[in-house]
Structures are given as C-alpha cells and as structure tokens.
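These notes concern the structure reproduced below.
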Amino acid sequence: MGVESVLDYFSIIHRYLAPDSTAYPLYLIHCTLVTKLALEIAERLELNAAAQRFIEEAAMLHDIGIVRTQMPVIFCDGALPYLYHLTEGCKLLEAEGLLKHARVAQTHSGIVLTAERLRSVGLTADLIHFIPRSLEEKIINFADLFYSKDSATLWRERSVIEARNSIGKFAPANLALFDEWATTFGVN
C-alpha cells in the first residue's frame, strides 16, 4: 500500500501569484473561505478522505486563472476579460499536469453562465464545457457562490438567498439547479 502524495498547492499559487502582490491576499482569503465551505459540505455528505483532499486542493486553485485577466477591483492587471479566468485557469493547471483540478478551474462558475454571456466576451467554447459534472466540481461551484473576492465583502458569507439571487441575475434558468444543490448539500 503506497503513500498518497500530497499536492503542495501553495507552491503552484506562488508560481503564478506573488505573495507580495496586491491580489494575493484577496485570492488567498477567497479561496480559503470557499475551501472551508466546500469541505464542510464534503464532510456532511460523508465523502472519503481522498475526495476531501481533492476538494481542498482544487478549491484552493480554482481561481488561479485570474492572473491573466483584467479586473481592477481585485488588482488583476492581465489582458483578458474576467470570464477568461475559467479557461486560463484550466490551461495553467493542465500545464501543471493537474487535469482534474483544471476541470474544476474551468467549471467552477458554470451555474452562473449562459452561452450569451460567454459569447459577449469572445469565448467560443460550448457552454457544456463549463458545466460541472462530478460531485466535487459541483460542490466547489456551489461554495464559490457564497464568497466574493471584492475587498469590501471578502470576509462576508452570502446568505442562501443572496447566492441564489446572484444566479438569478446572470442565469435565471439555473435557479432550479441551485435549489437542487442547496438541498443535496444541506445548505439552507
């Protein structure tokens, strides 16, 4: 029986986002809060240790693509529109050899996306590529809805109503899916 290796996600984060950068604390706090909620859900669902470890790793890395995007409110000065953090995060994590983690980066906002929204920023991939499929992908997507990277609300967990309203604002057709996930994940 071999010892399972533990991914040093901080070394990956530091490779792309310098700890002394202005964006770093926002990234780290946001991802830590998302990870905490995702792990609470995983424990509630009694997922095994390997699944929980993957959720921890993938949730800490899910937003790594922000480094290539332009979003002044979170101090990102890349060249691409913010929604590209999904595809760029996927590319970065694929380059690290982390294919499952890359899938989380690409799908972690799937519930708030529409084909029209993707096209509006020039993303041509089919919406299906951004929809979470695995339970772990769904948990991280769901947990991400409860936290912002905006410094004004960084530490504040959104209520279920507020998270649901954020979906209604961008993808009202997905409200039933949010309700299903909230029930499945025991978040009321």
### Looking only at segment 89-125, and only at residues there that are charged (D, E, K, R) and closer than 26 Å to Arg164 by Cα, the one that is modelled with the highest pLDDT
Arg103
### Message
Pull out all pairs, ordered by first then second residue, where Cβ-Cβ is under 6 Å, the residues are six or more apart or on different chains, the first lies in segment 174-188 and is closer than 21 Å to Leu113 by Cβ and in contact (Cβ under 8 Å) with a residue 60 or more places away in the chain, and the second is among the charged types (D, E, K, R) and part of a helix (DSSP H, G or I).
### Response
Phe178/Arg164
### Task
Restrict the check to segment 155-164 and report whether at least one residue is closer than 20 Å to Thr114 by Cα and aliphatic (A, V, I, L, M).
yes
### Message
Tally up the residues in segment 140-173 that are in contact (Cβ under 8 Å) with a residue 12 or more places away in the chain and over 24 Å from Ile74 (Cα atoms), please.
### Response
1
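The values are calculated or read from the model by the stated rules, or taken from the named source; none is laboratory data. What you are looking at is a predicted structure, and each value in this text was computed from that prediction instead of being measured. So basically every Cβ, Gly included, is an ideal-geometry build from the backbone, and we count neighbours across all protein chains shown.
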